[in-house]
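Data block below; observations after.
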Amino acid sequence: MAIRLAPSILSADFAQLGVEIDRIRPEADWLHVDVMDGHFVPNLTIGPPVVRSIRRHTDAYLDCHLMMTDPGDYLKAFAEAGADSCSVHVEVGNTADLIAEMRSLGLHAGLAVNPETSIEECEPWLDRIDLLLVMSVHPGFGGQEFMPVALSKIARAASLAQRDDLALTIEVDGGIDVRTAGRVAEAGATMLVAGSAVFGQDDPVEAARAIRRAAEQAVAA
């Protein structure tokens, strides 16, 4: 499968968010939207009103990562705001009901897993979701160093998806840059989230292009 990129707007300049989105759009297959509730993770970011504003500005696929203790209380609001997919954390539980709710709302269903959580916690749900989001940092803040523990999780998920012929997007988020992109792509990731390695650079488009190139070269080697 082709390597795709989902730049994370968490690292963008929110005072110029529309400009930032337009600038990165040529190299963005998706836009990654980090939603933090200040409870599941020790940070507070954005919610449905900002997603609604982004949707009015762009037709990009909006990939919303819900780092929330009670995501089920907000799924409808995100769907109505224009989210294309939502990923909830396997750690919050109630996974079957959350997947069913996302499906009923017309959302693509994603499941996220933290670095300290075994991939086995996600395996029962792989045939019910569209997206598996493997965290390669502890969620809550951008700019962290990549954690290699993610590689075995990505490889296991990719193996199961191939074995069972699943149309599963395997996404990785955290510490992705030109040094790590090849490693996660070789393991089987097909969607790479990058924040500061894109928006924090002088030329975000070229930075994103370099990350994609590094991943593609690793897979082709």
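Figures for the structure shown
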{"item": "ALA112 part of a helix (DSSP H, G or I), at pLDDT 95 or above and not charged (D, E, K, R)", "result": "no"}
{"item": "Meets criteria (in contact with an Asp or Glu (Cβ under 7 Å, 6 or more places away or on another chain) and in a strand (DSSP E or B)) for VAL193", "result": "yes"}
{"item": "Segment 35-48, residues that are exposed (fewer than 15 other Cβ atoms within 10 Å of the Cβ) and in a loop (DSSP other than H, G, I, E, B)", "result": "GLY38, HIS39, PRO42"}
{"item": "Cβ-Cβ under 6 Å pairs, at least 6 apart or on other chains, segment 15-27 side in a helix (DSSP H, G or I), far side of a type in the set (S, T, N, Q)", "result": "ILE21/THR58"}
{"item": "Pairs with Cβ under 7 Å, 6+ apart, first in segment 44-69 and without any contact (Cβ under 8 Å) to a residue 40 or more places away in the chain and within 22 Å of VAL113 (Cα to Cα), second part of a helix (DSSP H, G or I) and not charged (D, E, K, R)", "result": "THR45/LEU10; LEU62/VAL51; LEU62/ILE54; CYS64/VAL51; CYS64/PHE78; THR69/VAL92"}
{"item": "Yes/no for LEU192 being touching a Leu at 6+ places or on another chain (Cβ under 9 Å) and closer than 25 Å to PRO124 by Cβ", "result": "no"}
{"item": "Qualifying residues in segment 103-137 (those that are surrounded by 15 or more Cβ atoms within 10 Å (Cβ to Cβ) and hydroxyl-bearing (Ser, Thr, Tyr)) - the one farthest from TRP30 (Cα to Cα)", "result": "THR117"}
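Every residue, every condition in (1) surrounded by 21 or more Cβ atoms within 10 Å (Cβ to Cβ); (2) touching a helix residue (DSSP H, G or I) at 6+ places or on another chain (Cβ under 7 Å); (3) at pLDDT below 95, yes or no:
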position: GLU27; (1), (2), (3): no, yes, no
position: VAL33; (1), (2), (3): yes, yes, no
position: VAL50; (1), (2), (3): no, no, no
position: HIS57; (1), (2), (3): no, yes, no
position: TYR61; (1), (2), (3): no, no, no
position: CYS64; (1), (2), (3): yes, yes, no
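The values are calculated or read from the model by the stated rules, or taken from the named source; none is laboratory data. Keep in mind it's a predicted model, so treat the numbers as computed, not measured. In this analysis, Cβ positions are derived from the backbone assuming ideal geometry, glycine residues included, and neighbour counts consider all displayed protein chains.
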